[in-house]
Amino acid sequence: MFPSFLPYEVNLLQENNSIALAKGIKRAQIRTSLSQNAIATSYVCQGTGTPILLLHGFDSSVLEFRALFPLLAKSNQTWAVDLLGFGFTQRLLEIDYNPSTIKTHLYAFWQTLINRPVMLIGTSMGGATAIDFTLSYPHAVEKLVLINSVGFSGDFPLGKLLFSPLDYLAMEYWRQRKLQALFLGSKFGNLKPGEIEAIRCAVLHLEMSNWQAAMMSFTKSGGYGDLVGKIAQINTQTLILWGQLDETLPKIDAEKFNRVIAHSRLLWLDCGHVPHLERSQIVANQLQLFNNSGIKNLLGGQI
């Protein structure tokens, strides 16, 4: 059975990994300084051993890790959490959604449920969240992994200029693009089954209460634009995995991360923006090596 707080459309998922991960989603009531009310926070946890925490990208959810999660959970206590304002985590209207509140909520989640140093893995925008979290709470992060990460680019400063009704129209346009891609791909068969399933996972959380309000709030915050000058302060062992065919973020960003983070290693992958979906087994293998031995035994280059 699927959790009752998930939208009805979860029943349309068809692939085993998607279905299994969705059925494993739980909610915890996380107390923070952001509201008098606890935040019902959605997450998945499986496996035993060294804790790993996965952070998804912009307007995504834990379902982003449907291929990677079971591979990691074989050897580690593996967590994935829906960040504040995203996925299936509750969106309270009294909260502003921005990098600062996301970090506050994430730390409360870590304190409440994990409370041990983790290998923190961030993908795309989740990479920026992971950097911000590591800099603020270094005691909580033993190792850091950035996968095609936002940081040097990928923010949206023009979001601060969105005013009503443009903010509403922008969010609705974003939503309709995703829904139309699913409809057209399913109706006319111009997408492969795996591509259709990816869109199903990407649109499922759009049905959650207050999705639009939270998205408008975060977009108008401008995102992680102030992170660039802080990246060099990272003193944690860092693995950078980058799909060299990425059409979302420039390849030069990977080289910048490798250059400015003192204890880092860059590995190129033969794929696009989401290596954890496109090359999940290779990514899992490299994460396991990094988790066991650190960067000293990893060779830079292309995989």
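The values are calculated or read from the model by the stated rules, or taken from the named source; none is laboratory data. Quantities reported herein were computed from a predicted structural model and do not represent experimental measurements. Glycine also receives a Cβ, built like all others from the backbone with ideal geometry; neighbour counts cover every protein chain displayed.
Worth a mention:
- Of the residues making up the stretch 223-237, those that are part of a helix (DSSP H, G or I), in contact (Cβ under 8 Å) with a residue 40 or more places away in the chain and surrounded by fewer than 18 Cβ atoms within 10 Å (Cβ to Cβ) are Val228, Lys230, Gln233.
- Test: residue in the stretch 212-222 that is part of a loop (DSSP other than H, G, I, E, B), modelled with pLDDT under 95 and over 30 Å from Asn11 (Cβ atoms): yes
- Residue that is farthest from Gln233 (Cα to Cα), among those in the stretch 131-142 that are in contact (Cβ under 8 Å) with a residue 40 or more places away in the chain and either in a loop (DSSP other than H, G, I, E, B) or in contact with a Ser or Thr (Cβ under 6 Å, 6 or more places away or on another chain) (or both): Val141
- The set of residues in the stretch 103-117 being in contact (Cβ under 8 Å) with a residue 24 or more places away in the chain and in a loop (DSSP other than H, G, I, E, B) consists of Arg116, Pro117.
- Among the conditions (1) assigned to a strand (DSSP E or B); (2) more than 17 Å from Leu120 (Cβ to Cβ), Ile240 misses just one, which is (2).
- Of the residues Val150, Val145, the single one that is crowded, with 20+ Cβ neighbours inside 10 Å, in contact (Cβ under 8 Å) with a residue 60 or more places away in the chain and over 20 Å from Arg66 (Cα atoms) is Val150.
- Enumerated strands (runs of 3 or more DSSP E) restricted to the stretch 15-102, each holding at least 3 residues that are at pLDDT 95 or above and under 26 Å from Gly222 (Cα atoms): 39-46, 51-55
- Among the candidates Leu21, Leu34, residue that is buried (at least 21 other Cβ atoms within 10 Å of the Cβ) and either of a type outside the set (Asp, Glu) or under 21 Å from Arg116 (Cα atoms) (or both): Leu21
- Qualifying residue in the stretch 199-207 (condition: more than 28 Å from Ile39 (Cβ to Cβ), modelled with pLDDT of 90 or more and assigned to a helix (DSSP H, G or I)): no
- Close pairs from the stretch 268-290: first closer than 16 Å to Ile121 by Cα and of a type in the set (D, E, K, R), partner at pLDDT 95 or above and part of a loop (DSSP other than H, G, I, E, B), Cβ under 7 Å, at least 6 apart: Arg279/Cys271
- Of residues in the stretch 247-287 being under 13 Å from Ser153 (Cβ atoms), of a type in the set (A, V, I, L, M, F, W, C) and out of contact with any strand residue (DSSP E or B) (no Cβ under 7 Å at 6 or more places or on another chain), the one surrounded by the fewest Cβ atoms within 10 Å (Cβ to Cβ): Ile252
- Which numbered condition Phe2 misses (of (1) surrounded by 13 or more Cβ atoms within 10 Å (Cβ to Cβ); (2) outside any loop (DSSP other than H, G, I, E, B)): (2)
- Whichever residue in the stretch 203-222 is among the small types (Gly, Ala, Ser) and surrounded by fewer than 19 Cβ atoms within 10 Å (Cβ to Cβ) and, among such residues, is farthest from Thr41 (Cα to Cα): Gly222
- Close pairs from the stretch 12-31: first touching a residue at least 24 places away in the same chain (Cβ under 8 Å), partner buried (at least 18 other Cβ atoms within 10 Å of the Cβ) and of a type in the set (Val, Ile, Thr), Cβ under 6 Å, at least 6 apart: Ala22/Val10; Ile25/Val44; Ala28/Thr41; Ile30/Ile39; Ile30/Thr41
- Leu120 touching a strand residue (DSSP E or B) at 6+ places or on another chain (Cβ under 7 Å), closer than 18 Å to Ser136 by Cβ, among the aliphatic types (A, V, I, L, M) and not in a helix (DSSP H, G or I): yes
- Neighbours by Cβ (under 7 Å, 6+ apart or cross-chain): first from the stretch 63-80, free of Cβ contacts under 8 Å to residues at least 60 places away in the same chain and surrounded by fewer than 20 Cβ atoms within 10 Å (Cβ to Cβ); second assigned to a loop (DSSP other than H, G, I, E, B) and not small (Gly, Ala, Ser): Gln77/Thr48; Gln77/Thr50
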